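Here the structure is laid out as structure tokens; the discussion comes afterwards.
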Amino acid sequence: MQDSEWDYWLTRPYIYNWQAAALVTGLNPREIKFPTRNSAGELHFDKENFGDSYAVFKSRLDQLTEHAWMQSFSAQNMRVDFRRFLFWAQKVRKWSMPERLSSFAQNIDIEALDENVEEKAGALRDERNSLRLIWALRKLLMEHQHGKTDRELIYYLSKTYPDQQAFKRLSLEMKLAEAQVASEA
């Protein structure tokens, strides 16, 4: 990955679980076709995007998902606190990772991260409330002619607001999935 790509990812406070697993495996999440969900809510990836790295990626994603709550790096809605996750991946799991990521993880001060816990908890509560609002609006839009299904609504919104990043198909799919999970919790 180029330095500008690493710069982007290393400034992100929270990223999706699958993005974190991709990064520590040495893959650029922007080059992976967005995962789809089955009826049970499980993510499925196009293995062609991974070359020989799929098995390592999947193993790390499974471990990350399993340990996220116990190791206190889970944010919510399938996201992780990226710095806490990197600390865990390097110090606890001792995973090999790309040099740029490894040197960044080496300099993480876990005690400094703990000082901001309450502030982050407030931000996560606000995000969760926003997601519940999104899901409530989604349920109301089921009466709209273009909102009978998520697919119809996503298509309609992406065509209505083509220049806005938040209304791109993949962004809408993920946000609606997060909103549904948040509303059911």
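The values are calculated or read from the model by the stated rules, or taken from the named source; none is laboratory data. Just so you know, these numbers come straight off a predicted model, no measurement behind them. When we count neighbours, we look across all protein chains shown, and the Cβ atoms used for this are built from the backbone with ideal geometry, even at glycine. To get the accessible areas, we keep the full protein, side chains included, count just its heavy atoms, and leave off ligands, DNA and RNA. Shrake-Rupley method; radii C 1.70, N 1.55, O 1.52, S 1.80 Å.
Using a probe radius of 1.4 angstrom, the carbon and sulfur fraction of the accessible surface of the chain is 50%.
Taking Cα centre as origin and charging only the Cβ of basic (Lys, Arg, +1) and acidic (Asp, Glu, -1) residues, the dipole magnitude of the chain rounds to 480 debye. Rolling a 1.4 Å probe across the protein heavy atoms gives the chain an accessible surface of 60 Å² per residue.
What FRET efficiency comes out for residue 107 versus residue 171 if R0 is 41 angstrom and r is the Cβ-Cβ distance? Round to the nearest 0.05.
Working: r = 31 Å, r/R0 = 0.76.
E(calc), rounded to 0.05, equals 0.85.
Once C-alpha pairs closer than 8 Å and six or more residues apart are averaged by separation and normalised to the residue number of the chain, the relative contact order reads 20 percent. Once the Cα atoms are used to define both axes, helix 117-141 deviates from the longest principal axis of the chain by about 30 degrees. Give the calculated FRET efficiency between residue 161 and residue 55 to the nearest 0.05, with a Förster radius of 35 Å applied to their Cβ-Cβ distance. In this case the efficiency is close to 0.35. Using a Gaussian network model of the chain in which every pair of alpha carbons under 10 angstrom is joined by a spring, one finds that among 29, 162, 13 the greatest mean-square fluctuation is at 162.
Counted residue by residue at 0.36 nm each, then reduced by the alpha carbon distance between them, the extension gain from residue 150 to residue 62 reaches 28.9 nm. The order of the peptides 79-92, 53-66 by mean Cβ neighbours within 10 Å, most packed first, is 79-92, 53-66.
Anyone know which of 20, 136, 40 comes out most mobile in the 10 Å Cα GNM of the chain? Evaluated over the chain, the most mobile residue of the options is 40. Would you work out which of 154, 104, 35 lies farthest towards the positive end of the dipole of the chain? Charges go on Cβ: Lys and Arg +1, Asp and Glu -1. Farthest along the dipole direction, towards plus: 154.
Please grab the % of Cα pairs in the chain that end up more than 29 Å from each other. Cα-Cα pairs of the chain separated by over 29 Å account for 27 percent.
Only lysine pairs 8 or more places apart or on separate chains count here, and in the chain those with Cα atoms under 18 Å apart total 12.
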